[in-house]
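See below for the structure under consideration.
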Amino acid sequence: MDADIFLILLQDGVVNGAIYALLALSLVLVFAVTRVIFIPQGEFVAFGALSYATLDLGRTPRSIWLLLALGAAATVCGLWTQRRTLNRTALAMLLSETAVFPLAVAGLVLWLAPLKLGVAVEAILALAIVTPMGLLIYRVAFQPLAEASVLVLLIAAVGVHLALVGLGLVFFGPEGSRATAFSSANFTLGPLSVPGQALWILGFTALLIVGLYLFFGFTLHGKALRATAVNRLGARLVGIPTADAGRIAFGLAGFIGALSGVLIAPLTTVYYDSGFLIGLKGFVAAIVGGLVSYPIAATAAIAVGCVESFASFWASAFKEVIVFSVIVPVLLWLSLRSGAPAEEE
Amino acid sequence: MAEAFLEVENLNTYYGDSHILKDLSFKIRRGETVALLGRNGVGKTTTLKSIVGWVPPRSGRVSFEGRNVTGQEMMKNARLGISLVPEERRIFTNLTVFENLKLATVTAQKPGWSLQDVYDHFPRLQERATNKGDEISGGEKQMLAIARALVQDTKLLLLDEPTEGLAPLIVREVEAIIREIKSKGMTILLVEQNFYSALAVADRCYIIDQGTIKFEGTPDQLRGNTEVLSRYLHV
Ligand SMILES: Nc1ncnc2c1ncn2[C@@H]1O[C@H](COP(=O)(O)OP(=O)(O)OP(=O)(O)O)[C@@H](O)[C@H]1O
Ligand SMILES: [Mg+2]
């Protein structure tokens, strides 16, 4: 292999790795706050990519109907779980989140989609469709199980994953889609030809990582989220609703997944079930970080991207096998080290 | 007896198969400071945890201001104004003293003490405002845990061994704070091993043994009852 090929593979690896890093951060976040190992993370990527690609063609993505269906399910769940405590404000908050907002997004999409207002508007619409799905799924599937064990939550997560893949097939059909890039610019850097889209990906990843760092490191809200994650009992003692923290975490997970999808839509053809493999690679990185460390997870994600890209050069048929084998020694090492981090005492 | 502020009736609480609280009943009136005394492992902490819903009782009833709150979620009880300061304090160690207080303030249903009130009564907390929860002493953690309850609109303060493990000087400081809070009209249920400390502030006391109340009376009645003292408290 010569240096040029090495650099090209490296570039590929870093760009893919950036996407995995976003997903890994989201997985760590969701696990830290809710103890859910969020297997369906990848579905948001697929839904984000497919919604964006459909909007890009000037058509209305059918994911808005999925959003409305999830909203209806969440309304019913919310009414049932809060049946004893529901007052006017709680009802208004519930309905604005599960009914008014999804309806508004659907209306906006129906109105704007045929107008083809350009990539920026289309990307924002795709994000607006998929982001709230995270929140609604939390309400339907995970909030009622908040006190369950990690294993039960994992089983629920697998169930949600299977359901979403099925719904993905129903709503998007079996064909793959690809969208136009945010910019057609191409930069030459020595032997490398860097597509503008790669820079968008790296830029958004950096922006999101910095944003999350500032939010969790410096705002009271972000710090409260972290605090409640490690000290659930302390939170309940002072009346902090841990369900709000869960909703924020899942909302962010929806957003990060959707954004990843919009970012990769111009680079690869995405199918309704493409999300799983992409999410799994983010998951590998999150596991390397023990599901607790953001910096280790992000670094590991870049490494996973690079392993994948080099593996596809040397042994493309075994690319996935090689990527997922990497996790075995890591799991061994983690299990040999001291046990999992317990709740703060 | 005037209408009870907190009424606990025939509580039965279990950890798995072990029956800890056995038909436990007692009452607290508004504005009273009541001490719950007893030897190690008799169920004092379990009583507090049953009241706030941390360990929901299997049977019995807890009413607060006439409202049935038995086994209700801890968070909801906190919002009704029942605040437990547990033995292990459970402040947020990754937040500063100030952030701990601020967070309690913004999540309160109704405001209680202002931050300035807190700093006036706990000057140590003001000095340590920018230190993280794991960078302060045990006594300061205890003060922070109490202060955190005060900035919320706490109506009933449940304190589990607030002076445990503290140096004598700090013990006196914490006692002074409890007396101060009491003088402002707070209703307090105080669990203590430190019998003298508890009797110094309590209006009434209960002794618990093997999960049931064995004695009820004023501190003077208890001081005069050597049989009860030696039998249940080994003093
Ligand atoms: N989580 C638990 N699981 C099982 N048993 C428990 C648990 N917590 C306490 N116990 C048992 O319940 C009994 C009562 O415990 P509790 O903590 O209420 O006692 P206590 O009166 O507060 O004692 P101390 O003065 O030592 O704090 C003890 O025998 C204890 O061993
Ligand atoms: Mg105890």
Worksheet item: Looking at segment B:67-88, which of its residues are within 16 Å of ligand 1 (Cβ to nearest atom) and either among the small types (Gly, Ala, Ser) or surrounded by 19 or more Cβ atoms within 10 Å (Cβ to Cβ) (or both)?
Response: B:MET74, B:LEU84, B:VAL85, B:PRO86
Worksheet item: Any idea which of (1) away from ligand 2 (no atom under 16 Å from the Cβ); (2) more than 14 Å from chain A (Cβ to nearest Cβ); (3) surrounded by fewer than 21 Cβ atoms within 10 Å (Cβ to Cβ); (4) more than 18 Å from the chain's Cα centre (by Cα) is the one B:LEU125 doesn't satisfy?
Response: (3)
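Looking only at residues in segment B:83-111 that are of a type in the set (A, V, I, L, M) and touching a Gly at 6+ places or on another chain (Cβ under 9 Å), which one is modelled with the highest pLDDT?
B:VAL97
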Practice prompt. Would you please name the residue that is modelled with the lowest pLDDT, looking only at residues in segment B:153-179 that are closer than 18 Å to B:ARG30 by Cβ and of a type outside the set (Lys, Arg)?
Written response: B:ASP153
Worksheet entry | Selection from segment B:93-123 of residues that are among the small types (Gly, Ala, Ser), under 19 Å from A:LEU233 (Cβ atoms) and either in contact with a Pro (Cβ under 9 Å, 6 or more places away or on another chain) or not in a helix (DSSP H, G or I) (or both) | B:ALA108
Worksheet entry | Checklist (1) touching a residue at least 12 places away in the same chain (Cβ under 8 Å); (2) in contact with a Leu (Cβ under 8 Å, 6 or more places away or on another chain); (3) within 11 Å of chain A (Cβ to nearest Cβ) applied to B:VAL118, failing item | (3)
Worksheet, complete the sentence: Counting only residues that are basic (Lys, Arg) and more than 15 Å from the chain's Cα centre (by Cα), segment B:183-222 contains a total of 2
Discussion item. Being in a loop (DSSP other than H, G, I, E, B) and either touching a residue at least 24 places away in the same chain (Cβ under 8 Å) or within 7 Å of chain A (Cβ to nearest Cβ) (or both) is the filter here; which residues of segment B:62-92 pass it?
Written reply: B:GLU65, B:GLY66, B:GLY81, B:PRO86, B:GLU87, B:GLU88, B:ARG89, B:ARG90, B:ILE91, B:PHE92
Worksheet, complete the sentence: All conditions in (1) part of a helix (DSSP H, G or I); (2) more than 18 Å from A:PRO144 (Cα to Cα) are true of A:PRO61 except (1)
Discussion item. Would you confirm, using the coordinates I've provided, whether A:ALA120 is modelled with pLDDT under 90 and either assigned to a helix (DSSP H, G or I) or not small (Gly, Ala, Ser) (or both)?
Written reply: yes
Response to the item:
Quick count over segment A:209-247, residues being hydrophobic (A, V, I, L, M, F, W, C), within 14 Å of chain B (Cβ to nearest Cβ) and in a helix (DSSP H, G or I), is 13
Response to the item:
Scanning segment B:139-167 residue by residue, those acidic (Asp, Glu), within 13 Å of chain A (Cβ to nearest Cβ) and in a loop (DSSP other than H, G, I, E, B) turn out to be B:ASP153
Discussion item. I need the full set of residues from segment A:123-135 which are under 15 Å from A:SER51 (Cβ atoms), within 15 Å of the chain's Cα centre (by Cα) and in contact (Cβ under 8 Å) with a residue 40 or more places away in the chain, in order please.
Written reply: A:ALA126, A:LEU127, A:ILE129, A:VAL130, A:THR131, A:PRO132, A:MET133, A:GLY134
Item to complete: Would you check which residues across segment B:29-61 are assigned to a loop (DSSP other than H, G, I, E, B) and within 16 Å of ligand 2 (Cβ to nearest atom) and list them?
Response: B:GLY38, B:ARG39, B:ASN40, B:GLY41, B:VAL42, B:GLY43, B:TRP54, B:VAL55
Item to complete: Test B:THR187 against the criterion of being over 17 Å from B:ARG89 (Cα atoms) and at pLDDT 90 or above, and give yes or no.
Response: yes
Worksheet item: Can you pull out the residues in segment A:146-189 that are crowded, with 16+ Cβ neighbours inside 10 Å and part of a helix (DSSP H, G or I)?
Response: A:LEU153, A:LEU154, A:ALA156, A:ALA157, A:VAL160, A:HIS161, A:LEU164, A:VAL165, A:LEU167, A:GLY168, A:PHE171, A:PHE172
Item to complete: Scan segment A:267-308 for residues that are in contact with a strand residue (DSSP E or B) (Cβ under 9 Å, 6 or more places away or on another chain) and surrounded by fewer than 23 Cβ atoms within 10 Å (Cβ to Cβ) and report the count.
Response: 3
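The values are calculated or read from the model by the stated rules, or taken from the named source; none is laboratory data. Values in this document were obtained by computation on a predicted structure and should not be read as measured data. Virtual Cβ from ideal backbone geometry, glycine too; neighbours counted across all protein chains shown.
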